[in-house]
1. Taking a ≥ b ≥ c as the square roots of the eigenvalues of the Cα gyration tensor of the range 28-88, is the shape rounded (a/c under 1.5), prolate (a/b larger than b/c) or oblate?
2. Give me the net charge of residue 40's neighbourhood, meaning all other residues with Cβ under 15 Å from the Cβ of residue 40; Lys, Arg count +1, Asp, Glu -1.
3. With θ taken as phi - 60° and the coefficients 6.51, -1.76 and 1.60, list the Karplus ³J(HN,Hα) couplings across the range 41-56 in order, rounded to whole Hz; mark glycine and proline as x.
4. Only counting other Cβ atoms within 10 Å, I'd like 71, 46 sorted with the fewest neighbours first.
5. Restricting to Cα pairs below 8 Å that are 6+ residues apart, what does the relative contact order work out to for the range 33-87? Please round to a whole percent.
6. List the residues, sorted by chain then number, that are 5 or more residues from residue 35 or on another chain and whose placed amide H is less than 5 Å from its amide H.
7. Please list 3J(HN,Hα) in residue order for the range 66-82, calculated via the Karplus relation 6.51 cos²θ - 1.76 cosθ + 1.60 where θ = phi - 60°; whole Hz, with x for glycine and proline.
8. Sort 50, 33, 78, 39 so that the residue with the fewest other Cβ atoms within 10 Å of its own Cβ comes first and the one with the most comes last.
Amino acid sequence: MTDPTGPTGPTGPRRPAPPRARSRQHPAGRPGWTTGLCWRCEAVDRPVAWAGPVQAHGSHAPMYLCGPCDRRLGELVWAYLCRYARDR
């Protein structure tokens, strides 16, 4: 029996699956980290964690950050929230 989805799928050509990062523990032993590209500093083969979805041009993509960039993003968000709360 043949696969009904086949190489083209039921609705046309299937897009290739995105490459999977190699699963790896963060050096500090925190789960949920993997080795890959940091979307902020563009360092490659670094321990990165999912930071959330990013929306651009009507589409979404998963954003991954290395430890220092994750901390910096947290600082920027905290500064924004403190400023916003003060203005309310």
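1. Values: a/c = 2.51, a/b = 1.48, b/c = 1.70.
Judged from the Cα gyration tensor, the range 28-88 comes out oblate (a/c at least 1.5, b/c at or above a/b).
2. Values: positive: 46, 71, 72; negative: 42, 70, 75.
Cβ neighbours under 15 Å give a net charge of 0.
3. Each residue's phi maps through the Karplus curve to give 9, 6, 6, 9, 6, 10, x, 10, 10, 5, 9, x, x, 10, 10, 8 Hz.
4. Details: 71 11, 46 19.
Fewest to most other Cβ atoms nearby, the residues stand as 71, 46.
5. Details: 68 pairs, mean separation 14.9, N = 55.
Relative CO of the range 33-87 lands at 27 percent.
6. Those qualifying (amide H under 5 Å, at least 5 residues apart or on another chain) are 22, 24, 48.
7. Using θ = phi - 60°, the values come out as 6, x, x, 6, 5, 5, 5, 4, x, 5, 5, 5, 4, 4, 4, 5, 5 Hz.
8. Values: 50 14, 33 23, 78 10, 39 17.
Placing the least packed residue first, the sequence is 78, 50, 39, 33.
Since every read-out is calculated from the coordinates, none of them should be taken as a lab result. None of the values given here were measured: they were computed from a predicted structure. With ideal geometry, Cβ positions are generated from the backbone for all residues, glycine too; neighbour counts draw on all protein chains shown.
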